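The values are calculated or read from the model by the stated rules, or taken from the named source; none is laboratory data. In this text, all values refer to a predicted model and were calculated from it rather than measured experimentally. We place every Cβ from the backbone using ideal geometry, glycine too, and count neighbours over all the protein chains shown. Calculation scope for accessible area: heavy atoms of the full protein, side chains included, ligands and nucleic acids excluded. Shrake-Rupley method; radii C 1.70, N 1.55, O 1.52, S 1.80 Å.
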Amino acid sequence: MADPKKLYIKTYGCQMNVYDSERMAEALGAEGYVETGTPEDADMILLNTCHIREKAAEKVYSELGRYKPLRAKNPDLKIGVAGCVAQAEGAEIMARQPMVDLVVGPQTYHRLPEMMKTVDAGKAALDTDFPEEDKFEHLPKARKNLGRPSAFLTVQEGCDKFCAFCVVPYTRGAEVSRPVARILSEAEALVARGVKEITLLGQNVNAYHGAGEGGEWSLAQLIWALNDIEGLERIRFTTSHPNEMTDDLIEAHATCAKLMPYLHLPVQAGSDRVLKAMNRKHTAAEYIEIIDRLRAARPDLLLSGDFIVGFPGETEEEFADTLKLVERVGYGQAYSFKYSARPGTPAAEKEGIPDDVATERLARLQALLGDQQRAAQVAMVGRETRVLFEKTGRFEGQLVGKTEHLHACHVEAPQELLGQVARVRIVEAAPNSLKGVLV
Ligand code: SAH
Ligand code: SF4
Ligand code: F3S
């Protein structure tokens, strides 16, 4: 028998891409491909790309450039581009980088095995449809052993919100929720493989409204059903939109035992004029009201957010409103970006603000968010929490995992605890992780 072909996948962008990469590996695995961690010995290289900001998209081309010598050495090496850049640029990628054999969008990667046949026959393959069929129904049902106790599970895809800056509605297509029964059986399959924590994914995960028993289910209903799966210990979900933060979901944070006290709820900006121009469809006060209700339900909830600075027309005063909102809310974790004009989005038509102004604002915002993050970590010292151990640490006898609040935490612990949840007391807060001891 011939050696199995080797597949190297490199993933950029959000967690949904991480999940998609796993599913693509499974689809090609059914065709005899095994994964490799290095591009040098691969027969097939697949880049799963992100189009969210200009820098993210440009990375793809510099990475492809790096594969030139590999292709020169091995003319049979196949190179594919998947994900959101593939969807947005399509055949353009092959025009710019003729080395690329295959371009596949986020909604058509179930067709990868067929596409590979075209590629193996020496032809280029391109598929960036938004098909009628559900790709998940055409992917291998068995999930691979992830080798770690925490897994992503996509429950909702696409977005109909059309924020003025964002490419996602164009690269991922319209919002679709997967049916409840299929999610539950996938979750059970993951738990059977040793998974203890599932993070439900969606571009607007809290807009979930999948077909279930008795009609459409909300995300909260889905979470409650997952809560009943024996062996599953933790549930998380991301990313949420403030306008979809329903009462039942807020309530679940108070009452659902397996739902972790962490919520990523992006607001983007603190000025109502900017929020309106961004088409976010809520005000700063409405966002704060939701936060207050969440904290009333779950006082120790750790909040995370996304921010964009330097949106077209943003004044110094409007930027100060973002700082004010951050001070009012208090984030334990956050992502902040300089606005990046994306082709085809409404905001890209508007005149931007000077880059040095945006850079300076980003630095001020990140200083504040950094202070808050450190304060949240220091506040954990002395507290007892639970840690899910995911891997061995840098030092002998150490395990590393995540606390309930998603802090990285290293603990001296026996190897048997790998993949398990244990009670830990936090004794020290370093800049990027916590140190704990078993209790
Ligand atoms: N669906 C999620 C986030 C999708 S993209 C949501 O609605 O919140 C992740 C983050 O990237 C966004 O929250 C936003 O902060 C940032 N982002 C998106 N488009 C951007 C752009 N054009 N420039 C800079 N940041 C952007
Ligand atoms: Fe993009 Fe807005 Fe949709 Fe989030 S809600 S994916 S930011 S359009
Ligand atoms: Fe990027 Fe696509 Fe995710 S643009 S952030 S990979 S949905």
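Using the average count of surrounding beta-carbon atoms within 10 Å as a protection proxy, the listed peptides 12-21, 411-420 rank, highest first, as 12-21, 411-420. The phi torsions of the stretch 20-37, fed into the Karplus equation with coefficients 6.51, -1.76 and 1.60 and a -60° offset, translate into couplings of 4, 4, 4, 5, 5, 4, 5, 4, 6, x, 5, 9, x, 7, 10, 7, 10, x Hz, rounded to whole numbers, with Gly and Pro shown as x.
Its alpha carbons give the stretch 268-382 an Rg and a Dmax of 14.9, 51 Å. The residues of the stretch 128-250 have, on average, 39 Å² of accessible surface per residue, using a 1.4 Å probe with all protein chains present. Of the peptides 111-123, 301-313, the order by per-residue mean of other Cβ atoms within 10 Å, starting with the highest, comes out as 301-313, 111-123.
Based on Cα contacts under 8 Å between residues 6+ apart, the stretch 5-127 shows a relative contact order of 24 percent. Highest GNM mean-square fluctuation among His241, His410, His282, for the chain modelled with Cα contacts below 10 Å: His282. A straight line joining the Cα centroids of the stretch 175-210 and the stretch 1-45 runs 22 Å.
In summary, the stretch 384-438 shows an alpha-carbon radius of gyration equal to 0.94 times the 2.2 N^0.38 Å reference for compact globular proteins. The Cys residues in the chain with no partner Cys Cβ within less than 4.7 Å of their Cβ are Cys14, Cys50, Cys84, Cys159, Cys256, Cys409. Normalised by the number of residues in the stretch 141-260, the mean separation of alpha-carbon contacts (under 8 Å, six or more apart) gives a relative contact order of 26 percent.
Taking every alpha-carbon pair within the chain, the share separated by more than 33 Å comes to 39 percent.
Taking the inverse of the mean 1/r over every pair of distinct Cα atoms in the stretch 5-127 gives a Kirkwood hydrodynamic radius of 14.1 Å. For the stretch 141-260, the equivalent ellipsoid derived from the Cα gyration tensor has semi-axes of 23, 17, 13 Å, listed largest first. Between the stretch 149-168 and the stretch 237-272, the C-alpha centres lie 15 angstrom from each other.
Distance from the Cα centroid of the stretch 377-422 to that of the stretch 55-100 is 39 Å (rounded to whole angstrom).
The string of couplings for the stretch 175-190 from the Karplus curve (6.51, -1.76, 1.60, θ = phi - 60°) is 5, 9, 9, 6, x, 4, 4, 6, 5, 5, 6, 5, 4, 5, 5, 5 Hz, one whole number per residue in order, with x for Gly and Pro. The Rg/Rh ratio for the stretch 350-427, using Cα coordinates for both the radius of gyration and the Kirkwood hydrodynamic radius, is 1.24. Using θ = phi - 60° in the Karplus curve 6.51 cos²θ - 1.76 cosθ + 1.60, the 3J(HN,Hα) couplings for the stretch 155-161 round to 10, 8, 9, x, 8, 10, 7 Hz; x is entered for Gly and Pro.
Here the contact order of the chain, divided by its residue count and restricted to Cα pairs under 8 Å and six or more residues apart, works out to 10 percent.
Hey, could you get me the Stokes-Einstein D for the stretch 66-203, Kirkwood radius over alpha-carbon pairs, 37 °C and 0.692 mPa s, rounded to whole µm² s⁻¹? After rounding, the answer is 193 µm²/s.
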